[in-house]
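Peer 1: Could you have a look at this structure, given as structure tokens, before my questions?
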Amino acid sequence: MKSSSLFAHDKPLQPWMWAVLVNRMQVGYFMLILPNVLVQPYMVWIILLAGCLALLNLWVIGKGLEASYQQHETEGWRPFMGSVWMRVLMVPCLVIMLLKLTIVVKGYVGIVHQILFPSVNTGTFIVLMMFAGYYLAKHGMWTVLRFGVIAFLMSAWILVLYGYFLLPPEANYSHLYPIIPLQWPSHWLESLLFVWAAFAGPEYFVVLGPWTGGKPLTKYFLAGHVVSLFEYVYFFFVSLLFFGSPYLKTVDIALIQLVRYIQLPFFERVEMIVVPAYMAPVVLVIALLMLYVYGALRILLKRIRKPPHAGGLFMVFLAVGGYLLIVDRWLWTSEIQRRMWEQLQMVVGGASFALTPALFLVLHAMQSRRRKSEKAQ
Amino acid sequence: MKKRSNSLMIVPMLLMLSGCGSWPVKNSIIEEISPTILLYVDRGADKHLEQATLIPPLREEKKRMITANVRLMKEGRIQLNQKYYREMKSGQLRMLFISKRLAREDLLPIVNTMMLDPEISDRLYLIVVEGDFLAYLNQQVEKQQEMIDFYLYKMLAHYERQGEITVTNLHRFMEAYFSPYADPQMPLFTANGTDLIYEGTALFRDGKMVGEITALDDTLFQILNRPTRFQKSLPLPERGVTLGSLHTETKVTVQPTGDVKIYIEGTGRVEEYQGERDLNQPEAAQQLTRELEAVLEQKAALLVKKLQQLRIDPLRIGERTLGPFSQPYTEEAWKAAWPTMPVHVDVHLRLESLGLLKMKR
Amino acid sequence: MNILRRLFPAMFSAFHAKDEPAHGDEQTRTDSSLSVEELQKRFCHVHDACVKELQVNAQAVTLFYVRSLIDAEQLREGILLPLVHGDYDCASRAIISDQVKPVPNLEKAIEQTLQGAVIVFGEGQVFAVHIPSTISRSIESSEQEAIVYGPKDSLSEQLDQNLTMIRRRLPVPELKYCLFTLGTLSKTNVALLYIEGIANPENIRLAFEKTSNIDFDVFFDSSHVSAFLEDHMGSVFPQFQQTDRPDAVAAALASGKIVWLVANTPFALIAPVTFFDLFQSPEDYIHRWMVSSFLRSLRFFAFLFAIVLTPVYVALTTHHYYSIPLEVLYLLMESRSEIPFTPIWEAMFMLLTLEILKEASLRMPTKSGQTLGIVGGIVVGQAAVEANVASNILIIHIAVSAIASFLVPNYLMTNSSKLIQFALLILAAWLGMWGIIFGMVWVLIHLTGLTSLKQPYFAPLTPMYWRDWKDTIVRLPLKMMKQRPGHLRPVAKSRMKKEIR
């Protein structure tokens, strides 16, 4: 593929692939630590509540995307790419993207380091995954988005594995009782915010309008979201059935701990396969965000008129890789620091997800102003 | 352009990898390591832990036992390791034998150490052993029973599936420990010089062993412990009867009044009878059935009474109080109420067959 | 076709000039430099070049040809006899053949001669009669894609014969056939086949563009041609399907693919192909659909197995000893205890030995190949175990994965899988299962980005075409496949009579 086709969008993506992408963007690192944060059985209502709110949010995003990319009407963001406001907007966007990247990569690598290779430096895994992400990003946005299906298939089969814990003797259904809160739950707002932040991710699609081919995609967005919602509830129930809430509180990464319990007749300790299999969605997110960072930098540095450049992407790769290694070395080394990063992502990720619909209002305002000024001329 | 960026990729890749200094991965090639599958812990003098394991595991080589006497669990692993030419690994650790002496103290720090090690599986079997386990192991090794550790593992794995005896692992122990309405249990074995004998179930409260259920009571305990169960045979020597192929269904309910009702429905047959009655007479058979029911009821009630006296609830009766929309007892309330709760046991037996030979006396 | 005509006017006019028969008025425009003497000069030291002078109706007629390139029988029956015994006033009338072509200049004369023509000089006219020698083997059954039931014929080295076999299967005028001559030295005829109204016009345009841009000296096989047509040079996966089964070619054409037939090789090229196409065999459509679904999914499983089995052995024995069930661990430790090499070297050594054996037995005549197989497989394997060079469990792994790799019908794919296997082996030794899956993610990224004739290689999977899954990993009843594969974006989508035309 030629270097100039990094952002080529001559072929739109089929609608179903968007459902898959929404799903994989939502189930990331936060899903793995979710059961430990929620713990109490009645917290399932918080998942459902946050899920419904996120559903509404996604509906707005989907509709906004449809409205702003109706092909005959406008070209979406494209006319405003060079404006000063846009360039200013790119600065917080870059921070949000880098934060998301840090959580996804470092969180995953931390699990690999803890469970599989305590003797191997986390930097090795970061470097290797960055290379995989760069290799994917180099194929261009269209391929990155298509890789969503692979990422889905490589990680979704794990759902079936957890079915083992739905049946006694491993499942103790009395752990689910009582399922309604009998006193006013403490930290409910924090948990709600956490689940909300866990559902964040699809907000990155607002600029992918050109790849939608102008098709209405809201229902596919929602379908993908419902699948994620199901996964969240499923994983939450499964870990609750197995551990019970008091024990669940003390377990580090419940979902991985669960997998370790499975014994297949020819293979024990299935975490050997499950933990690496989660790599595929992580690589997808790395590649996607790398392209985003490159795109944002092009806007920021006023390079939008020039064709995208493989060398530019390579520079982004070096910069992002270097940043992640710095984080790995100095800024995220202990459990305390990990919690701090998680809190930060919870607030920032949640806020960016919640504020995305507002972006469409801004876009709408900008478009109508532009139209007015065109008329005036 | 593409070619240049491709070749450029190699340089930082090598730089970063060498810079991270992580190329040499610590590996565990199977013939170079020695995965222990059995570990024995005992409380030694001066708050020390005595640990022992068999080496070489899984090898057709002459076996021997090595021991360590240290303050900490993992310290013991290092010391054991230093006594042997292959590196010891605990990833295949399958059984942790704990001496009864140690079990009477707080077990949690030891069990927690096992939990924290990502190498050790949650399926690690926990066993309490009474008597001189080291002597037993030594004796087995002398007798050329090279794979004794492997055989012990196979035994536990078999009974875990079959459910004849109590088998528990790290996860189940921890889950019961943390559960507000349950208390952990472990199998109890006795080691004498030549044999390792299954005694029954060791009962725990807050990580300390507080009691045990032995002999035929243990069989009854297994029946009470599971909602449905198949018992190959249940001997009742005081009535001269052995019940065989016994299917039991146990229902435990806690009334709102605070009464515990245990209802056991059993279906089985008489496999052995050494009594005086003529079982061909329906009345005599009825009478025997009633008698057996009474015996079982009495034994079960005594067993539960014993548990109440110990202030423990390994049968998870407290969980039965919970409903989807109700939680009548909080953890503290249950712990306070349980020892004094009235318990009613009701056994209903159906004997499908009264014996093979219809002998006339 | 009209679009094409507009796009490539030059090319089309060239075809038509070639195909049109000799007309009287064209014969007059003969270059004056063209003479027997000039031809002889150019064919100096070419000893099979012959000149034959005849007297026909008191006129001198000279024939010039290269003996090894023409059919002697046809020369006698079609040219010499009519000329000598005929009662014609003009030599060109005497020879009745559809293969008579005018020769405007010397270069054309040389070209025609080398394509198996006899150049006839007489009465100031020069024309060429094509009577190429048709030495070829007979139609045999395919060795590369042998099947138990189904058609037994296979393509041969003769382009015309191959075309006949395909045309018989698809007797429709929409089956288009365009000829290119490639190679400055080999002058290989390459035919581009497609069905108008089914194949996607964009693919056809691309195929024409790519084929006409080829510039090289010799082409002896279709793989040489494919090397110039492929989108990605640095890929281990074949981007063209090569087959010598005419039924497979016809099926590909009918589903909207494009086929290249290359002269002097029995292997046709098919594009665009997908990764999944390479796992299909014509026999899939002969078995009951349930059986062939099973067999086809078995092939995918076997492919994965062949790639992963040995690396997993290395990963488990090097890093993840705790994942091995205790019973198996016991066996493994016993069998590995005496071996002087680490698992990676042991596996590398045995795998390389196997590859050497395989390569050797391929190049051997059938009989000695069998002996080699037995000696290699049994003796070396057994000896390696007994000499404690390799563990018997590894030998089982390698043997099973080698057999599994042959379940893939495409031989090129089988060999590609070997390369991936070696890469995974190294990753497995370094980072265990994580390394293996990292390698697989890399391969999957590569496959997602790969294209064949600019069409996605991983097609029914990503981009997702639900309908095509009826004939990808499983093969549902033919009656259910009412439409042509969607990923080929055919013009006429339906396979049924009503909608097609």
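Peer 1: Right, C:R205: closer than 29 Å to C:S494 by Cα, touching a Pro at 6+ places or on another chain (Cβ under 8 Å) and open to solvent by 20 Å² or more (accessible area, probe 1.4 Å) or not?
Peer 2: Spelling it out, it is not the case that C:R205 is closer than 29 Å to C:S494 by Cα, touching a Pro at 6+ places or on another chain (Cβ under 8 Å) and open to solvent by 20 Å² or more (accessible area, probe 1.4 Å).
Peer 1: Let me ask something else about it. Just the residues that are crowded, with 17+ Cβ neighbours inside 10 Å and in contact with a strand residue (DSSP E or B) (Cβ under 6 Å, 6 or more places away or on another chain), please, taken from the stretch B:71-80. Steps first, please.
Peer 2: First pass over the stretch B:71-80, keeping only residues crowded, with 17+ Cβ neighbours inside 10 Å: B:73, B:76-77, B:80.
Scanning the stretch B:71-80 gives B:G76, B:L80.
Peer 1: Can you work out which of the residues in the stretch B:139-180 that are crowded, with 18+ Cβ neighbours inside 10 Å and touching a Lys or Arg at 6+ places or on another chain (Cβ under 6 Å) is farthest from the other protein chains (Cβ to nearest Cβ)?
Peer 2: Among those that are crowded, with 18+ Cβ neighbours inside 10 Å and touching a Lys or Arg at 6+ places or on another chain (Cβ under 6 Å), it is B:E146.
Peer 1: Suppose we filter the stretch C:317-358 for residues that are among the aliphatic types (A, V, I, L, M) and in contact (Cβ under 8 Å) with a residue 60 or more places away in the chain; how many remain?
Peer 2: 6
Peer 1: So, one more: I'd like to verify a number: residues in the stretch C:225-271 that are in contact (Cβ under 8 Å) with a residue 12 or more places away in the chain, assigned to a helix (DSSP H, G or I) and either open to solvent by 50 Å² or more (accessible area, probe 1.4 Å) or in the same structural domain as C:T414 (by TED's automatic domain parsing) (or both), how many?
Peer 2: 2
Peer 1: Only residues that are open to solvent by 10 Å² or more (accessible area, probe 1.4 Å) and touching a residue at least 60 places away in the same chain (Cβ under 8 Å): list them for the stretch A:266-280, please.
Peer 2: A:Y278
Peer 1: How about the stretch B:232-247: which of its residues are assigned to a strand (DSSP E or B) and open to solvent by 10 Å² or more (accessible area, probe 1.4 Å)?
Peer 2: Selection gives B:K232, B:S233, B:P235, B:T242, B:S245, B:H247.
Peer 1: Related question: Regarding the stretch C:266-273, can at least one residue be identified that is modelled with pLDDT of 90 or more, in contact with a helix residue (DSSP H, G or I) (Cβ under 8 Å, 6 or more places away or on another chain) and within 14 Å of chain B (Cβ to nearest Cβ)?
Peer 2: no
Peer 1: Still on this structure: Is at least one residue of the stretch B:269-281 within 28 Å of A:I179 (Cα to Cα), open to solvent by 60 Å² or more (accessible area, probe 1.4 Å), modelled with pLDDT under 85 and not in a helix (DSSP H, G or I)?
Peer 2: No; the residues of the stretch B:269-281 include none that is within 28 Å of A:I179 (Cα to Cα), open to solvent by 60 Å² or more (accessible area, probe 1.4 Å), modelled with pLDDT under 85 and not in a helix (DSSP H, G or I).
Peer 1: Please go through the stretch A:250-265 and give me each residue that is within 8 Å of another protein chain (Cβ to nearest Cβ) and either among the basic types (K, R) or open to solvent by 10 Å² or more (accessible area, probe 1.4 Å) (or both), ordered by number.
Peer 2: Result: A:T250, A:Q257, A:R260, A:Q263, A:P265.
Matching residues to (1) surrounded by 11 or more Cβ atoms within 10 Å (Cβ to Cβ); (2) in the same structural domain as C:P311 (by TED's automatic domain parsing); (3) within 28 Å of C:S337 (Cα to Cα):
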{"residue": "C:L357", "(1), (2), (3)": "yes, yes, yes"}
{"residue": "C:A360", "(1), (2), (3)": "yes, yes, no"}
{"residue": "C:S368", "(1), (2), (3)": "yes, yes, no"}
{"residue": "C:T371", "(1), (2), (3)": "yes, yes, no"}
{"residue": "C:V379", "(1), (2), (3)": "no, yes, yes"}
{"residue": "C:A384", "(1), (2), (3)": "yes, yes, yes"}
{"residue": "C:H397", "(1), (2), (3)": "yes, yes, yes"}
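Peer 1: Got a number for residues in the stretch C:309-329 being open to solvent by 20 Å² or more (accessible area, probe 1.4 Å) and farther than 20 Å from B:S90 by Cα?
Peer 2: The number of residues fulfilling the criteria is 2.
Peer 1: Within the stretch C:296-326, track down each residue that is under 19 Å from B:E31 (Cβ atoms) and not hydroxyl-bearing (S, T, Y).
Peer 2: Step one: filter the stretch C:296-326 for residues under 19 Å from B:E31 (Cβ atoms), giving C:310-326.
Selection gives C:P311, C:V312, C:V314, C:A315, C:L316, C:H319, C:H320, C:I324, C:P325, C:L326.
Peer 1: When you scan the stretch A:274-296, how many residues do you find that are more than 10 Å from chain C (Cβ to nearest Cβ), within 16 Å of A:L145 (Cβ to Cβ) and of a type in the set (G, A, S)?
Peer 2: So the count comes out to 1.
Peer 1: Within the stretch A:140-196, which residues are among the polar types (S, T, N, Q), in a loop (DSSP other than H, G, I, E, B) and surrounded by 18 or more Cβ atoms within 10 Å (Cβ to Cβ)?
Peer 2: Selection gives A:N172 alone.
Peer 1: Would you point out the residue of the stretch A:106-137, among those that are under 27 Å from A:Y261 (Cα atoms), polar (S, T, N, Q) and at the interface with another protein chain (Cβ under 7 Å from one of its Cβ atoms), that is surrounded by the most Cβ atoms within 10 Å (Cβ to Cβ)?
Peer 2: A:N121
Peer 1: Same structure, new question: Quick one: which of A:P178, A:P168, A:P202, A:P210 is over 21 Å from the mean Cα position of the chain (by Cα) and either more than 8 Å from every other protein chain (Cβ to nearest Cβ) or of a type in the set (A, V, I, L, M) (or both)?
Peer 2: Step by step, each of A:P178, A:P168, A:P202, A:P210 is checked, and only A:P168 is over 21 Å from the mean Cα position of the chain (by Cα) and either more than 8 Å from every other protein chain (Cβ to nearest Cβ) or of a type in the set (A, V, I, L, M) (or both).
Peer 1: I'm told C:I339 meets every condition in (1) within 14 Å of chain B (Cβ to nearest Cβ); (2) surrounded by 19 or more Cβ atoms within 10 Å (Cβ to Cβ); (3) out of contact with any His (no Cβ under 7 Å at 6 or more places or on another chain); (4) within 30 Å of C:V441 (Cα to Cα) except one. Can you identify the failing condition by its number?
Peer 2: The one condition C:I339 does not meet is (4).
Peer 1: Would you pick out the residues in the stretch B:50-62 that are within 20 Å of B:I127 (Cβ to Cβ) and open to solvent by 10 Å² or more (accessible area, probe 1.4 Å)?
Peer 2: Result: B:E50, single match.
The values are calculated or read from the model by the stated rules, or taken from the named source; none is laboratory data. Predicted, not measured: the structure shown is a model, and the values here were computed from it. Backbone-built Cβ (ideal geometry, glycine too); neighbour counts: all protein chains shown. Protein only, heavy atoms only, side chains kept; ligands, DNA and RNA dropped before computing areas. Shrake-Rupley method; radii C 1.70, N 1.55, O 1.52, S 1.80 Å.
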